[in-house]
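The values are calculated or read from the model by the stated rules, or taken from the named source; none is laboratory data. On a predicted model such as this, the values are computed, not experimentally measured, just so you know. Note that we place each Cβ from the backbone using ideal geometry, even for glycine, and neighbour counts take in every protein chain shown.
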Amino acid sequence: MTHNEAKKNYNFTVPQDELDDLLKQYCRNYTTMAREGQFDKIVGRDAEIDQVMLILLQRNRKNACMLAPAGVGKTALVAGLAQAIVNERVPDYLKNAQVLELDMSAMAAGTNSPGEFQARFIPICKGLAERYHHPEFPKYIMFIDEIHTIMPTVTGSAYAGLSEVMKPYMTVGDLHILGATTLDEFRMYVAVDPALDRRFQKVHLRMPTADETLQILKGIKASYERHHKLTIPDEVLEEVVKLTEEHMRKRTQPDKSIITMDASCGWHNMFKSEERILSMEAVYMMVAKETGINAAALTDMELNTKQTYDPTKNKVETGAVNFEDTKE
C-alpha cells in the first residue's frame, strides 16, 4: 500500500482532498519553500531554533510564541526551522514535518462576517488535529504571525476571536502552534487570557549585536550578489553595520542593515552599473536618504554630486546634493 493510499483509508471528518485544497489556498508551506531554496540562509539563530524544537517535542505545552521587536527576525526563525527539517537536522519526531503559515488576508478575502471567516479556518484546525495521532501523516506546525490579532480583545482586527476556535484543539494537544508578536502586544492581548497564555511557551529573541549582524550579512550576501549581479566586499558590509548602528537607532538589527545593503546594491546598479563591485558611495547615499543626513557628512570621500536617472533621456543627470529631510 502506498503512502497516499494509506492516508485515504482513514474516515476523517475533513477528507484529504478538501484539506489539501484548504492548505493550498490559505497557507504557505515553509517546508516546501525551504526545499526549493526560497529562503536566505538563516544565520545566528541555532539556539532559538533548538529551543523551539524542544517545545514542539513536548507532550503538553507544545506551542511556542516568539517575542521580539519588529525586524529582529521572528519569521526568519520559522524559516530556519523549516530549513532544519529539510536538512534533517531535527529529531525523528519532526522528520518530514510541515511548517504552514496561515495566510490570514487570503482567508479573510471575500468574507462578510466572522462566521464566514471561521468557516474557512475551522476545517483546517479540525483536519490537522485529526491527523495528529496517525503515524502515516507528518507533524503539521501552524505558524501565525502577529498572533495577537486573533485575540477577542483586539479592536479593528478582521481575525479577532479566532483564538477561541483554536483553544479546544490546543487544550487536548492536537495542534502545534507557533506564534510571533512583540512582547508588549503579547502582554496586552494574549497574556490577559490565562487559558491561552499557559498553552504557549515564550521564546525571546534578542536583537543581534553589531558583530552578530555582520556575520548575518556575510551569511546571506551570496543571495543578494546573485540577484544584483554584484560582488559585495566584506569591508562594505562592515560600513553598512557601522552606519546603521550609529544613525538608525530607532530601527532594529539585522533588518535595517539588510535593507540598507539591498538598497545600496540597487543604487549602485542604477548609477554605477559599469562597476560590478558594490561601492561605499552607494552605502553612503542610501544611509543619507534614510536618515536625512547629507551623504558627504558620513564620509571623508568626495561626494559632491547628486545623480538622478531621467528615463526620457535614458541617462543620469548630475547636480548638487540636496536630500530631503526624511529623518525617522
(request) Return the residue satisfying two criteria in turn: it lies in the stretch 20-31 and is closer than 24 Å to N87 by Cα and in contact (Cβ under 8 Å) with a residue 60 or more places away in the chain, and of such residues it is farthest from the chain's Cα centre (by Cα). (result) L23
(request) From K7, K41, K62, grab the single residue that is crowded, with 19+ Cβ neighbours inside 10 Å, at pLDDT below 95 and not hydrophobic (A, V, I, L, M, F, W, C). (result) K62
(message) Can you pull out every residue in the stretch 197-216 that is within 17 Å of I144 (Cα to Cα) and free of Cβ contacts under 8 Å to residues at least 40 places away in the same chain?
(response) D197
(message) I'd like to check something: does the stretch 215-225 contain any residue that is in a helix (DSSP H, G or I), surrounded by fewer than 19 Cβ atoms within 10 Å (Cβ to Cβ) and assigned by TED's automatic domain parsing to the domain that holds A180?
(response) no
(request) For the stretch 69-96, name all the residues that are touching a strand residue (DSSP E or B) at 6+ places or on another chain (Cβ under 7 Å) and of a type in the set (G, A, S). (result) A82
(message) So, in the stretch 237-264, exactly how many residues are in a helix (DSSP H, G or I), β-branched (V, I, T) and surrounded by fewer than 23 Cβ atoms within 10 Å (Cβ to Cβ)?
(response) 2
(request) Residues that are under 13 Å from the mean Cα position of the chain (by Cα) and within 24 Å of I49 (Cα to Cα): find the helices (runs of 4 or more DSSP H) completely inside the stretch 59-152 holding 1 or more of those. (result) 74-86
(request) Determine whether A282 is farther than 24 Å from V78 by Cβ, assigned by TED's automatic domain parsing to the domain that holds L162 and part of a helix (DSSP H, G or I). (result) no
(message) Condition check: within 17 Å of L57 (Cα to Cα), in the same structural domain as V78 (by TED's automatic domain parsing) and surrounded by fewer than 20 Cβ atoms within 10 Å (Cβ to Cβ). Does T171 satisfy that?
(response) yes
(message) I'm trying to understand the selection: among the residues of the stretch 132-151, which are in contact with an Asp or Glu (Cβ under 8 Å, 6 or more places away or on another chain), surrounded by 15 or more Cβ atoms within 10 Å (Cβ to Cβ) and over 16 Å from T181 (Cα atoms)?
(response) Y132
